[in-house]
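To start, the structure itself, in structure tokens.
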Amino acid sequence: MNVRPDFSKHANQAETAPAFLSVWDMHSYYGESYIVQGISFNVHEGEILALLGRNGAGKTTTLRSIARMDNPQVNHGEIWLDHQPLHRMASHQAASAGLGLVPEDRCIIPGLTVEENLQLAQIAPPVGWSIERLYQLFPRLGERRKQEGVTLSGGEQQMLSIARALARDIKVLLLDEPYEGLAPVIVDEIEKTLRHVKEQGMTTILVEQNAVRALQLADRAIILDTGSIVFDGSAAEVLDNAELRAEYLAI
């Protein structure tokens, strides 16, 4: 008889260090569809967390719920960022509190140049990420600062979307499928940038179908299965556990 592996001992592990972002018993719905089913986890300041799982596991819904987007609807639970109750906020308030969501479709604003996209996002005066500093982080954007954003290549648009989030001096970067449709050389470039941003203290949650690349970048990993957490531990542990990867990530 085949016995399903039990990884439940890893799920929702207690953390010894204080959390920077905490999600507690979060339940999220799309209409009548129950997507995120009571998940709880912590993210520490400066950490990169990979949020993994098969298609439909609830990864993007989790990101959008943390960002307090109108869809999905969070019916229960609490979300705290640096002692601020995000679960009591609308999406624009959560953004002001320090969340920066980079969606899969990037949402570059038509009709605006690269620089205008960044200027529109930037707080005044900038505290951490000036536009010139962002151009140092993304030299391609500096070279194309007067080009309309929607005419950039897919990789350059992804860079602009990340830079636009950083321009608001955020506390947590939420990335939804940042490598989708990009050539490996561009993925390498974006990974190098994300490592540099981490060195500056940025806290990041990364949803990515390319699980191996995400795990190589991340400190920790959470694996979702049908809206529940089945693993919460180090990224290295997932890379070293073929049984776990086969069961929940099909790799």
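General observations
- Look at the Cα gyration tensor of segment 119-243: its axes a ≥ b ≥ c give a/c of at least 1.5 with a/b over b/c, and that counts as prolate.
- Tensor-based shape of segment 138-199 (alpha-carbon gyration tensor, a/c under 1.5 rounded, otherwise prolate or oblate): oblate
- For segment 37-156, the fraction of alpha-carbon pairs in successive 10 Å shells from zero, as %: 11, 34, 34, 20, 2
- Virtual spin-label span in nm between GLN216 and ARG54, 7 Å along Cα→Cβ: 2.5 nm
- Computed from the C-beta positions of GLU78 and GLU148, the FRET efficiency with R₀ = 45 Å rounds to 0.60.
- As a rough footprinting exposure proxy, the listed residues SER28, SER130, SER33 were ranked by other beta carbons within 10 Å of their own, and the order from fewest upward is SER33, SER130, SER28.
- Under the Karplus curve 6.51 cos²θ - 1.76 cosθ + 1.60, θ = phi - 60°, whole-Hz ³J(HN,Hα) for segment 87-97, x wherever Gly or Pro sits: 5, 9, 10, 7, 4, 5, 6, 5, 5, 5, 6
- Value in Å of the Kirkwood radius, where the chain supplies the Cα pairs that are averaged: 18.6 Å
- Distance violations [Cα-Cα > 24 Å] among LYS146/LYS198; LYS59/LYS198; LYS59/LYS146: LYS146/LYS198; LYS59/LYS146
- Extension gain for TYR30 to VAL127 (0.36 nm times residue separation, less C-alpha to C-alpha distance): 31.2 nm.
Read the figures in this text as sums done on the coordinates, not as results from a lab. Because the structure is predicted, anything quoted here is derived from the model rather than measured. Glycine gets a Cβ as well: all are built from the backbone with ideal geometry, and neighbour counts include every protein chain shown.
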